[in-house]
1. Report the one residue of A:Met174, A:Ala207, A:Tyr145 whose Cα lies farthest in the direction of the positive end of the charge dipole of segment A:111-221 (charges on C-beta: Lys and Arg +1, Asp and Glu -1; origin at the Cα centre).
2. How about segment A:171-195: which of its residues lose at least 50 Å² of accessible area in the presence of all protein chains relative to their chain isolated, using a 1.4 Å probe?
3. Summarise the partner chain shielding of A:110-120 as one whole number: the mean count of Cβ atoms from other chains within 10 Å of each residue's Cβ.
4. Over 19 Å, how big is the tail of the calculated P(r) for segment A:12-142, in percent of all Cα pairs?
5. Of the heavy-atom accessible surface of segment B:1-118 (probe 1.4 angstrom), what whole percent is carbon and sulfur?
6. So how much accessible surface do B and A hide from each other in total, probe 1.4 Å, in square angstrom to the nearest 100?
7. So what's the gap between the Cα centers of segment A:131-158 and segment B:126-144, to the nearest angstrom?
8. Can you compute 3J(HN,Hα) from phi for each residue in segment B:35-46, using the Karplus curve 6.51 cos²θ - 1.76 cosθ + 1.60 with θ = phi - 60°, rounded to whole Hz and x for Gly and Pro?
Amino acid sequence: MSVSIAGVGAMASVGHDVAGLFEALCAGRSGQTPLRAFDATKFRAKTAFEIDDRTVQGADVPERATGWLLRVVAEAARQAGLGDDLSSVPVLVGTGLRELRSAELSWRGQASFDLGRLHFGSALAERFGAAASYTFANACSASLYALALGYDLLTAGEAEAVVVAGVDALTESMYGLLDRAQPGVPQGVRAFDTARNGTLLGEGAAAVVLRPDDSAPFAGGRGRLRAVSVNCDAYHVTAPDPQGMAAAIRDAHARAGVKADDIDLIMLHGTGTPLNDEAEAIAIGAVFGAAAGRPLMTGLKPQTGHTSGGAGLLSLVVALQALSSGRVPPLAGLVEPLPAAARFRFAPPGCQDQRLRLAQVNAFGFGGVNAVAIVEGSAG
Amino acid sequence: MDVVVTGVGLALAGAEREQELLGHGPDPKASVAPFDPAARIGGRGLRYKDRASQLALCAAADALAASGLVAADGRPTVNAASVGVTASSNTGNLDTVCLAASMLNEETSDGLSPMSLPNASSNVVASSVAMQFGLRGPNLMLCNGPTSGLDAVYWATQLLAGGRCESAVVIGTEPRNAVVARLCGVPEFALFDGAAAVVLEGAAAARGRGATPAARLGRFARERGLAACITRLLGGDGGGLGAWFTPESYNAKLVAPDVPRYDLSATFGLSSGALGVLQCVAAVGWLTSGGTGTALITTGDEGADAVSALLVFPACERADLPDKEHTP
């Protein structure tokens, strides 16, 4: 059973709305800059992919993630014709780091922050009158996990529209702990490349409005959500398990009623860490078999950084743009694919294909939480 | 879909069994030792886990054992992919996050422990439970403010109704520590320190594997404001109501004065994202110790972004109460 995607919103370091973001990605622009959020002398890595909207340089302010969330939700809701009143619309938010950056600022006496705003409910209630909002903190697959739950609400007939969103801002604790735990010091995010040596964090947000497939003329929508799978490796706190990833991909295909052969485009999770990209390549190889060379594959993180809980939905919004325009952003920075991905067909710069119809979107998170979505373009 | 509770678990000082949640709690004059996770489930597996996760593992262990979903060897007795986890905590990893931030005031990232990395991710509670018991179903972490615990119960029922799993363990956990106390602006002793867990499954599935339900869940509602939420569930008619599990602060007149009320945050400490699950366990304790009628559970109050509420019924009867489960 499909649901219609009636509106989309997105922002990241390289673009602050869907159109701007997509153009920047297709042009191969990167949002990577010297670290501005924190004192760079404390870390081995010195760069990130920030949305630097602070009014005073060097002085951080609380609730930046909240601001981006409200912005992308408004963009998607406007496009879907919902306007600013979401009092009867469930709003499901996936995030890795909530407003933990604000908690850090409060803890160190750099800003005052009401701990009741760690989750996004109060801001969504104030701005949109949202009564049924939920903040899911599901690491880097959070926004696709939220999408699965939104899909279930709609297909069960429990809502006439659902807003699903994802958002994350850098936290100093996560940036520092990654800096400490990663063996290398990544100069960039080299997803799926043999030279990859770790990930760098990015900031971003994305939102979609889901509607029952029959509620709006399909031509007006941005595409269809065919299915979302969710599972858990139950394997390791940070290391991924290719078997768990493969199970999630197979389940997504089965739920969507498609075969691996039907997938035209794969939006990779592609974090640039040695472990994730290897495991993801093995999982795709295991599920796609001989067809692994057929779909185009790309990923955003070389250009947006790892946008954590918002990453999956950001990929999905970009996939919808690609399906409707026939233009596919390149997997930037790829020189030599890792051996397990040697047969894969990665999107080169300037990639165009008008025949793309079905896309698979991967998101995998700490704790082995996997989520995979299948979407269909509005031109299909 | 009828959803039933087939196991409960607790990990807190002052109440070992669910019925003890209905009492006066630990004597405020006596110094009560904090709950010791290692004494309950052994130190193995607790290493590097934050306190919220340690407490959650203890409560989940008891709930899963009681339900029969996990055997004495700690492994699932059913298909591991059919068991989901939903967990709730608002303050669980604030200590990891803030102490790392403090460390970075003084030193470079070399001063941090890489073993803290998993705890910096707020879903560590839910994924730790999955790993400990090998549960491969959907794994969901709610950090949704005062209503979070009851919301985790609701989303577990949604996962069951959507066919994404056949059973789910729901855990609410909050740790007591200086970081949380300072950020919340309350003394440390006012904070709850513990976890509660319930195992939920469809009534038919529970029957099919011979599990004994302890309670049946009724409708869930979420509204802005406690009065609206209670009205939505009870339809202005409090008939049949046998107990009210209250939020942290509330207008006492919203429910008839003769209905016994239980304010677990007053008894056991400010329990934030653990409260809703703790209330469910207490409701089971109330039903299994002679309570008659329906239990009303409410979390969140006028100061919160919304209020979540749930009705809990005895397991085995349906007909003697006006069933409010119509679609409004």
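The values are calculated or read from the model by the stated rules, or taken from the named source; none is laboratory data. For clarity, every value in this text was computed on a predicted model and none was experimentally measured. In this analysis, Cβ positions are derived from the backbone assuming ideal geometry, glycine residues included, and neighbour counts consider all displayed protein chains. Ligands, DNA and RNA are excluded from the accessible area calculation, which covers all protein heavy atoms including side chains. Shrake-Rupley method; radii C 1.70, N 1.55, O 1.52, S 1.80 Å.
1. A:Met174
2. Residues meeting the cut-off: A:Ser173, A:Leu177, A:Arg180.
3. Partner Cβ neighbours, averaged per residue: 4.
4. Result for the distance tail: 59 percent.
5. Carbon and sulfur atoms account for 52 percent of the accessible area of segment B:1-118.
6. Its buried surface, counting both partners, is about 5100 Å².
7. 16
8. 4, 10, x, 5, 5, 7, 10, x, x, 5, x, 8
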